[in-house]
Amino acid sequence: MTAFVFPGQGSQKVGMGVELAEASLAAREVFQEVDEALGQNLSRIMREGPEDALTLTENAQPAIMANAIAVLRVLEKEAGLSLAAKGECVAGHSLGEYTALCAAGAFSLADTARLLKLRGQAMQAAVPVGVGAMCALLGADLEKAQALADAAAEGEVCQVANDNDPGQVVLSGHRGAIERAVALAKDHGIKRGVILPVSAPFHCSLMQPAADAMAEALGKTPPGALRLPIYANVTAALVGDAATEQDLLVQQVTGRVRWRESVLAMKDAGIERYVELGGKVLGPMIGRTVQDVTVTSVVTMADIEALVKEL
């Protein structure tokens, strides 16, 4: 039993998709369609940078999605692999949930690109630059991270944003609270805290204006029927109903990304193989969360060829 999973922000890098585009018409068509949907030469930023332009949330989110869907389209069109035939479910980390829905047929590629561009803009606009921050806690489980967040808040927002794996949790909130959390990490039995180079405090209550914007956008462009069910970030549970998923996507903007629990839930449901398309970020997290499974990250043409032989 196989789950196809899709990476989130932080997996972008200048040069992403170049090799695929050179080797495959199917990949080139994905990048061209995203460029046309956005009215922007995003593929050139992906190809050439500059890095600070690619890292901008409004560019990074559709770029990461486009790269993953390009890998999927090569698998589908050139290798004859059907996601619905080979997979039991899909899942994605944060913005990757949109990629997963695109892969499962609930959103068109153009709509996914536009929704993620808007999502990135709305998240950036929700909190003035410098007011919020995020930090990664290394060597922290959820219980220790929650205790640290409570201690560091001091009346400000300090919340668990991502529960990634048994040893990595991310906090999000007001910059002062996040800086206090980093300073207090060792006192809470956590190896260390690291401020993340992000432009806004994602997945915390400060993102409410962005959640409101996404509620409006998804009301106009709701997800359609899913060819495969999805494990939702905010519930870590399987969802097959488009209307339910629409509501969960709105909650996801301010809610916790329960990735560790999602991986465990998939394993409990019988998933033996996790295939990450378009990145090499989720694979290590999955490997630290569950044992006795096969984890494959697919980015290059060589990765695609190897996967086709395995499946």
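The values are calculated or read from the model by the stated rules, or taken from the named source; none is laboratory data. Note that the coordinates shown come from a computational prediction; the quantities given were computed from them, not determined experimentally. Ideal geometry is used to build each Cβ from the backbone, glycine not excepted, and the neighbour counts take in all protein chains shown. Keep in mind that these areas ignore ligands, DNA and RNA; they rest on the heavy atoms of the full protein, side chains included. Shrake-Rupley method; radii C 1.70, N 1.55, O 1.52, S 1.80 Å.
Observations
- Residue within segment 283-291 that is touching a Phe, Trp or Tyr at 6+ places or on another chain (Cβ under 9 Å) and under 21 Å from Arg119 (Cα atoms) present: no
- Residue match in segment 37-44 (condition: open to solvent by 70 Å² or more (accessible area, probe 1.4 Å) and under 21 Å from Gly96 (Cβ atoms)): no
- Matching residues in segment 285-300 - criterion: being part of a helix (DSSP H, G or I) and either within 15 Å of Gly8 (Cβ to Cβ) or open to solvent by 30 Å² or more (accessible area, probe 1.4 Å) (or both): Met285, Ile286, Gly287, Arg288
- For segment 247-284, a residue qualifies if it is farther than 22 Å from Ala145 by Cα, open to solvent by less than 50 Å² (accessible area, probe 1.4 Å) and either among the aromatic types (Phe, Trp, Tyr) or touching a residue at least 24 places away in the same chain (Cβ under 8 Å) (or both), and the qualifying residues are Leu249, Val250, Met266, Gly270, Ile271, Arg273, Tyr274, Val275, Glu276, Leu277, Gly278, Gly279.
- Hits in segment 214-241 - residues which are open to solvent by less than 30 Å² (accessible area, probe 1.4 Å) and in a helix (DSSP H, G or I): Met214, Ala217, Leu218
- Only one of the numbered conditions (1) open to solvent by less than 20 Å² (accessible area, probe 1.4 Å); (2) under 24 Å from Arg260 (Cα atoms); (3) out of contact with any Leu (no Cβ under 9 Å at 6 or more places or on another chain) is violated by Tyr98, and that is (3).
- Among the residues examined, Asp150 qualifies as within 30 Å of Val290 (Cα to Cα) and without any contact (Cβ under 8 Å) to a residue 24 or more places away in the chain.
- Looking only at segment 114-139, and only at residues there that are hydrophobic (A, V, I, L, M, F, W, C) and part of a loop (DSSP other than H, G, I, E, B), the one that is most open to solvent (accessible area, probe 1.4 Å): Val129
- Test: residue in segment 61-78 that is open to solvent by 30 Å² or more (accessible area, probe 1.4 Å), under 21 Å from Arg273 (Cα atoms) and either out of contact with any Phe, Trp or Tyr (no Cβ under 7 Å at 6 or more places or on another chain) or assigned to a helix (DSSP H, G or I) (or both): yes
- Scope segment 1-25; condition on the phi > 0 side of the Ramachandran plot and open to solvent by less than 40 Å² (accessible area, probe 1.4 Å); matching residues: Gly15, Gly17
- In segment 50-65, the residues that are aromatic (Phe, Trp, Tyr) never reach a residue that is part of a helix (DSSP H, G or I) with C-beta atoms less than 8 angstrom apart, at least six apart or across chains.
- Segment 101-113, residues that are without any contact (Cβ under 8 Å) to a residue 24 or more places away in the chain and open to solvent by less than 10 Å² (accessible area, probe 1.4 Å): none
- Restricting attention to segment 140-164 and to residues that are of a type in the set (Asp, Glu) and in a helix (DSSP H, G or I), the residue that is least open to solvent (accessible area, probe 1.4 Å) turns out to be Asp150.
- First in segment 222-241 and touching a residue at least 60 places away in the same chain (Cβ under 8 Å), second anywhere and among the hydroxyl-bearing types (Ser, Thr, Tyr) and not in a strand (DSSP E or B), Cβ under 9 Å, 6 or more apart: Gly224/Ser108; Tyr231/Ser262; Ala232/Thr244; Ala232/Ser262; Asn233/Ser94; Asn233/Ser262
- Any hit, segment 295-308, residues being at positive phi and either of a type in the set (A, V, I, L, M) or at pLDDT below 95 (or both): no
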